[in-house]
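Note sheet for the following structure.
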Amino acid sequence: MRQIVLDTETTGLNAKLGDRVIELGCIELLSRRVTDNHFHRYVNPERDIEQGAVQVHGLTREFLADKPRFADIAAELIDYVRGAQLVIHNADFDVEFLDRELGLCGLGRLSEHAAGVVDTLALARELHPGKRNSLDALCERYGVSNAHRTLHGALLDARLLAEVYLAMTRGQDSLTMDFGAADEAARGSLRLEVSKLAVLRASRAEIEAHEKLLDGIDKESGGACVWRRLP
């Protein structure tokens, strides 16, 4: 599965009042592995940037004055995310901004180009109810170093979120252990006498409980539960 971890920075907090996207950062995941195929653009919003926003991300109108407009990079973005599942923290915020930008370009909505969206904030709230679930809080909870994050940045935050997302959903990794090359010989020498293994069949209640658990994983992962793909 191809997934794109996406983050934006904006001129302010309200797309409906005319705030614009000023930075886009995307990290590609293929089969739950980060690739080098990332997408990063600064965007000239052609408007002022709220001072509060500048204090968060450090991007000024002067810095962005010679950068392309969103309309100039929209086709690139669509090509990059086409058919992929998007992973976004507080997805409603970013999707609203990107839908507005794409709409101004006559390019429809984000959902028309991507395969779906996983909101890691909603996922974190289900996994950790009643706790802080900001990106910084999740980095601390899952042991992801964000010591270099003095200001928000779309590409930096997308990289951090990719690590956090993989840690949050680690239970869905491959059921086989990932041995390094140095362990190949040891793995090859491991033999089990399977004829002596006892087989315990699951009860009806256990099967029903298992199916209920898989339903929950499907919901949280946007239908990416690996158990149901196994033969």
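The values are calculated or read from the model by the stated rules, or taken from the named source; none is laboratory data. Just so it is clear, the model here is predicted, and its values are computed rather than measured. When we count neighbours, we look across all protein chains shown, and the Cβ atoms used for this are built from the backbone with ideal geometry, even at glycine.
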Which one is farthest from the chain's Cα centre (by Cα), of the residues in segment 88-131 that are in contact (Cβ under 8 Å) with a residue 24 or more places away in the chain and in a loop (DSSP other than H, G, I, E, B)? C105
Looking at (1) touching a strand residue (DSSP E or B) at 6+ places or on another chain (Cβ under 8 Å); (2) within 20 Å of L104 (Cβ to Cβ); (3) not hydrophobic (A, V, I, L, M, F, W, C), find the lone condition where D7 falls short. (2)
Kindly indicate the residue of segment 50-74 that is touching a residue at least 40 places away in the same chain (Cβ under 8 Å) and of a type in the set (G, A, S) and also surrounded by the most Cβ atoms within 10 Å (Cβ to Cβ) among those meeting that condition. A53
Any chance segment 94-108 includes a residue that's at pLDDT 95 or above, surrounded by fewer than 20 Cβ atoms within 10 Å (Cβ to Cβ) and under 28 Å from R170 (Cβ atoms)? no
Among the strands (runs of 3 or more DSSP E) lying completely within segment 1-43, list those that include at least 2 residues that are at pLDDT 95 or above, assigned by TED's automatic domain parsing to the domain that holds G83 and crowded, with 22+ Cβ neighbours inside 10 Å. 2-10, 21-30
Which condition does Q55 not pass, out of (1) more than 15 Å from V21 (Cβ to Cβ); (2) within 24 Å of the chain's Cα centre (by Cα); (3) not in a loop (DSSP other than H, G, I, E, B), if it passes all the others? (2)
